[in-house]
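Presented below is the structure to which this report refers.
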Amino acid sequence: MSTLEFPTQPVVQPGSFLTLHYRMAAPGGANIINTFDGKPATLSLGTGQLSPTIEQRLLGLPEGTRTTFELAAGEAFGERNPELLQWVARKLLNELSDPDETYKVGDVVQFPTPDGMGQYAGTVQQVKGSDDAVQFDFNHPLAGQPVVFEVQIIGVL
């Protein structure tokens, strides 16, 4: 007598390649990103596309799962770090971008990483003098805030 074996559903594991819909919302429910109305995202766990905390919450979820979880203030993107508020001299800004660029509070500016292989962003907080120096906040915009994360796992490889 043989026993029937049923295929098991794939489960999210470290290094899994995922196809998923997700929505990340700020306090108050405003969407930061939402793929549910369009094309699903594809990503590989462990490559930095999602925060490590969010990846941990996905581990063990079977394909087909749709769930929502809340991350406490600072859990998704860390606490705000006051050392990441930094003044950048206009001379350096001219070297890194267009010398005729003007900066206004709230602008998001992309900077090259030291190795030149990637980018990171800073948000303009203050402009000193006649644009002599600009203060940037290099914290993630959601650092120190609670986040709601909704996910539907479409496929796991």
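The values are calculated or read from the model by the stated rules, or taken from the named source; none is laboratory data. Predicted, not measured: the structure shown is a model, and the values here were computed from it. Note that each Cβ is placed from the backbone with ideal geometry, even for glycine, and that neighbours are counted across all protein chains shown. For accessibility, only protein heavy atoms count, side chains too; no ligands or nucleic acids. Shrake-Rupley method; radii C 1.70, N 1.55, O 1.52, S 1.80 Å.
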Problem set entry | Rotationally averaged projected area of the chain (alpha carbon convex hull; nm²) | 12.9 nm²
For this session: Quick one: dipole size for the chain, taken about the Cα centre, charges +1 on Lys/Arg Cβ and -1 on Asp/Glu Cβ, in debye to the nearest 20.
Result: 280 debye
Exercise. How would you rank 92-100, 71-79, 146-154, highest first, on the average number of other Cβ atoms within 10 Å across their residues?
Worked result: 146-154, 71-79, 92-100
Exercise. When the accessible area of the stretch 1-151 is computed with all protein chains present and a 1.4 Å probe, what percentage of it is carbon and sulfur?
Worked result: 53 percent
Problem set entry | Accessible area per residue in Å² at 1.4 Å probe, computed on the chain | 62 Å²
Exercise. If you project the alpha carbons of the stretch 103-157 onto their three principal axes, what span does each projection cover, largest first, in Å?
Worked result: 53, 30, 16
Problem set entry | Summed residue charge, Cβ within 12 Å of E70's Cβ, Lys/Arg positive, Asp/Glu negative | -1
Seminar exercise, completed: Along the dipole axis of the stretch 1-146 (charges at Cβ: +1 for Lys and Arg, -1 for Asp and Glu; origin at the Cα centre), the most positive-end residue among V12, Q125, N94 is V12
Exercise. Just from its helices, what would the mean residue ellipticity at 222 nm be for the chain, if runs of 4 or more DSSP H residues each count -39500 (n - 2.57) and the sum is divided by every residue, rounded to the nearest 500 deg cm²/dmol?
Worked result: -2000 deg cm²/dmol
Problem set entry | Kirkwood Rh and Cα Rg combined as Rg over Rh, evaluated for the stretch 25-100 | 1.10
